[in-house]
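Just below is one structure, and these are the notes that go with it.
The values are calculated or read from the model by the stated rules, or taken from the named source; none is laboratory data. Owing to the predicted nature of the structure, the values given are computational and were not obtained by experimental measurement. Glycine also receives a Cβ, built like all others from the backbone with ideal geometry; neighbour counts cover every protein chain displayed. Heads up: the accessible areas ignore ligands, DNA and RNA and are worked out on the full protein's heavy atoms, side chains in. Shrake-Rupley method; radii C 1.70, N 1.55, O 1.52, S 1.80 Å.
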Amino acid sequence: MKIGERLVELKPAWVDTVRRLLPAHPATGRPLDLFTREFPELWHLPLKDAAGGGYDVVGVINWGVNKDLTKNPYELMPDAARTVTVPLGDLGLDPKATYLAYEFWDERFIGEVTGSLAVEAAQHRAYLVALRKKEPRPQFLGTNRHALMGVVGVGAVAWDDAAKTLTVTQEATPGTAFAPFEYRVAFSIPAGWTVKDHAVRGIEVSDVTLTSDGGHGTLAFTAKDKGEATWTVTFTPPK
């Protein structure tokens, strides 16, 4: 993690980007296309979440102009959008299993993935996709606070099957007048399930809202003081 700009000259949007990359995680991603592209475009980092389960983050970078080193002679890749595909087996994942894919920067639920992950990458853009093995119930997908979506800043993830409640505890800090910050946490809503109730406790918060769309929901809130925020979402299962 490096910051090249003078801190006093950062714009609010730049502060937001830097904030979501810190603190730096000690492990780094591994380039999967090191010898097939002049500048690697595909990265992988396996992680453990607060619940002790494993999940994976796939990084996709479309640098624009690049070289395809699999061709002889090497071919120049155009400065254009392209689809970057990675077989799940190359990540050490079960290619027959189903995973839930959630992209960090656009805060977009890609959906269910089996066999391979394909990312439509615009030129000069970076994407981070969290892959979590699908459960037969609602589950945590990620948070907008940190780019790794769970391993940093999230203290606990728990599912109460009797109460049908998903509970996540995470560190929260108020933004500033110059660069305000709204926490947004995403979770899956399988077919037939509906949200019954939601709450945020532990610290003073404001502007708590919950939206749902396309098989997933987002709980948003603004922290008014610093501490651990515990948010819960209670569901009604299919009949």
Please go through the range 151-173 and give me each residue that is within 16 Å of the chain's Cα centre (by Cα), within 21 Å of Pro190 (Cβ to Cβ) and surrounded by 22 or more Cβ atoms within 10 Å (Cβ to Cβ), ordered by number.
Val168
Within the range 2-30, count every residue that is at pLDDT below 90 and either in contact with a Phe, Trp or Tyr (Cβ under 6 Å, 6 or more places away or on another chain) or not in a helix (DSSP H, G or I) (or both).
5
Which members of the range 35-44 meet the condition of being open to solvent by 20 Å² or more (accessible area, probe 1.4 Å) and either under 14 Å from Leu88 (Cα atoms) or in a strand (DSSP E or B) (or both)?
Arg37, Trp43
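Here is a yes/no grid of residues against (1) more than 30 Å from Val8 (Cα to Cα); (2) hydrophobic (A, V, I, L, M, F, W, C); (3) modelled with pLDDT of 95 or more; (4) open to solvent by 40 Å² or more (accessible area, probe 1.4 Å):
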site: Leu128; (1), (2), (3), (4): no, yes, yes, no
site: Glu135; (1), (2), (3), (4): yes, no, yes, yes
site: Met149; (1), (2), (3), (4): no, yes, yes, no
site: Arg184; (1), (2), (3), (4): no, no, yes, yes
site: Pro190; (1), (2), (3), (4): yes, no, yes, no
site: Lys196; (1), (2), (3), (4): yes, no, yes, yes
site: Phe235; (1), (2), (3), (4): yes, yes, yes, no
Hey, among the residues in the range 11-33 that are farther than 17 Å from Ala126 by Cα and without any contact (Cβ under 8 Å) to a residue 12 or more places away in the chain, which one's surrounded by the most Cβ atoms within 10 Å (Cβ to Cβ)?
Lys11
For residues in the range 181-192 being assigned to a loop (DSSP other than H, G, I, E, B) and without any contact (Cβ under 8 Å) to a residue 60 or more places away in the chain, which is farthest from the chain's Cα centre (by Cα)?
Gly192
